[in-house]
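Trainee: Below is one structure. I have some questions about it.
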Amino acid sequence: MRDVLGRRMTLNGNEIYFEESGTGSTWVVFESGSGAGRTLWDPVVPLLGDTARTVAYDRAGRGRSGRPAEPQTIDDMAATLVALVQALAPERVILVGHSMGGLIVRRAAETLAPAGLVLIDPTPENAPNYDNWAPTVRKTDRILAVQQALSHFPPLMRLLTSSYGRKFPADSYATMLAEDFTSAGLTTTRHEITAVAAAIDEFRRRPPEPPKSGVIVISAIHAARYQARNLDLMREYQRRYAAQVGAQYEDAVSEHIIPAERPEQVAAAVRRLIDAEASQEQ
């Protein structure tokens with residue numbers, strides 16, 4: 001397994017584990033999607049080491065972070081992200097969120113006023129496929145419950161998660177198997193799916209304030225078979241969000257896990273925001 005030196009900090013009553021690397025006055029803090037921890041960003045982090053200081057972390061209940069007393073809401077997760085950034089006190093920060101992580105960083109940005117946001121195949125809460133999402137949530141939870149029961153049999157989990165094994169470096173995938181694709185990790189994933197369902201209604205009632213910084217939205221043009229039915233709808237509402245906030249919108253020749261399939265594109269988006277911020281200061 002990967003062996004990267006990290007550290008822990010107690011934030012909002014939870015012990016949070018995070019890893020730092022790189023150099024520079026701009027910090028880039030990564031927020032993973034549902035079911036993923038800090039290792040999601042392993043393909044991206046090395047590409048930014050000469051440009052920025054990067055921070056990848058495990059949310060409460062994930063990976064090496066402590067277990068929360070109660071399941072976390074999206075607002076709870078955003079509050080932890082805010083506390084982490086404030087504790088690190090960077091000169092400037094860019095937030096990068098994948099999938100569900102897009103909801104988290106958008107809410108956190110209301111408080112943090114970051115120098116930029118990169119939203120990677122973000123969850124578009126206004127898409128009509130979320131109008132009656134409860135049956136999908138129940139079906140997903142049943143699937144995850146079965147995976148949780150099978151998690152005690154490593155060969156089966158390797159089979160079920162083989163797509164991650166193909167997309168990620170071997171040491172990253174081994175860490176995912178040991179931390180995320182476990183009974184405890186899948187419990188947290190089930191809680192996160194429920195949190196997203198609740199956040200959809202909350203974000204529709206009380207949408208986050210539009211970011212006051214540069215935003216880049218990266219949208220996957222391919223989908224796994226179970227996601228294909230809603231692909232065009234999701235992309236359309238990602239595009240609408242980008243237009244609404246004046247963001248740059250770009251396609252990724254990838255399925256949903258863009259950080260693994262197109263890490264160079266993610267890193268390039270971050271670099272553009274860093275360069276834009278630097279040019280404004282001159």
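Trainee: In the range 8-19, is there at least one residue being surrounded by fewer than 16 Cβ atoms within 10 Å (Cβ to Cβ), on the phi < 0 side of the Ramachandran plot, in contact with a helix residue (DSSP H, G or I) (Cβ under 7 Å, 6 or more places away or on another chain) and not in a loop (DSSP other than H, G, I, E, B)?
Mentor: yes
Trainee: Could you please let me know if A36 is surrounded by fewer than 23 Cβ atoms within 10 Å (Cβ to Cβ) and outside any strand (DSSP E or B)? Steps first, please.
Mentor: Values: surrounded by fewer than 23 Cβ atoms within 10 Å (Cβ to Cβ): no; outside any strand (DSSP E or B): yes.
Judged against the criteria, A36 is not a match.
Trainee: When you scan the range 225-253, how many residues do you find that are free of Cβ contacts under 8 Å to residues at least 60 places away in the same chain and hydroxyl-bearing (S, T, Y)?
Mentor: 2
Trainee: If G24 passes every condition in (1) assigned to a loop (DSSP other than H, G, I, E, B); (2) of a type outside the set (A, V, I, L, M); (3) under 19 Å from T194 (Cβ atoms) but one, which one does it miss?
Mentor: The single condition G24 does not satisfy is (3).
Trainee: Now for a different question. Sort out which residues of the range 121-170 are surrounded by 15 or more Cβ atoms within 10 Å (Cβ to Cβ), aliphatic (A, V, I, L, M) and farther than 28 Å from D232 by Cβ, and write them in order of number.
Mentor: Matches in the range 121-170: L150, M157.
Trainee: Quick one: which helices (runs of 4 or more DSSP H) sit completely within the range 171-265 and have at least 3 residues that are of a type in the set (G, A, S) and farther than 17 Å from L103 by Cα? Reasoning before the result, please.
Mentor: Details: elements: 183-205, 231-245, 258-261.
Where helices (runs of 4 or more DSSP H) fall fully within the range 171-265 and carry at least 3 residues being of a type in the set (G, A, S) and farther than 17 Å from L103 by Cα, they are 183-205.
Trainee: Restricting attention to the range 103-126, does a residue exist that is over 17 Å from P211 (Cβ atoms) and not charged (D, E, K, R)? Working first, answer last.
Mentor: We begin by selecting, within the range 103-126, every residue over 17 Å from P211 (Cβ atoms); these are 121.
Imposing the further condition that a residue be not charged (D, E, K, R) reduces the set to none.
No, the range 103-126 has no match at all.
Trainee: From (1) touching a helix residue (DSSP H, G or I) at 6+ places or on another chain (Cβ under 7 Å); (2) modelled with pLDDT of 95 or more; (3) polar (S, T, N, Q), pick out the condition that doesn't hold for S65.
Mentor: (1)
Trainee: Only strands (runs of 3 or more DSSP E) wholly contained in the range 44-160 count here; list those with 3 or more residues that are closer than 22 Å to R8 by Cβ and either under 19 Å from the mean Cα position of the chain (by Cα) or touching a residue at least 24 places away in the same chain (Cβ under 8 Å) (or both).
Mentor: 53-57, 92-98
Trainee: Among the numbered criteria (1) buried (at least 20 other Cβ atoms within 10 Å of the Cβ); (2) within 18 Å of the chain's Cα centre (by Cα), which single criterion is violated by A223?
Mentor: Tallying (1) buried (at least 20 other Cβ atoms within 10 Å of the Cβ); (2) within 18 Å of the chain's Cα centre (by Cα), A223 fails exactly one: (1).
Yes/no per residue for (1) within 26 Å of Y17 (Cβ to Cβ); (2) among the aliphatic types (A, V, I, L, M); (3) at pLDDT 95 or above:
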residue	(1), (2), (3)
S99	yes, no, yes
G102	yes, no, yes
E110	yes, no, yes
I120	yes, yes, yes
P128	no, no, yes
P155	no, no, no
Y164	yes, no, yes
T189	yes, no, yes
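The values are calculated or read from the model by the stated rules, or taken from the named source; none is laboratory data. Every value quoted in this text rests on a predicted model; they were computed, and no experiment measured them. Cβ sites come from the backbone with ideal geometry, for glycine too, and all protein chains shown count toward neighbours.
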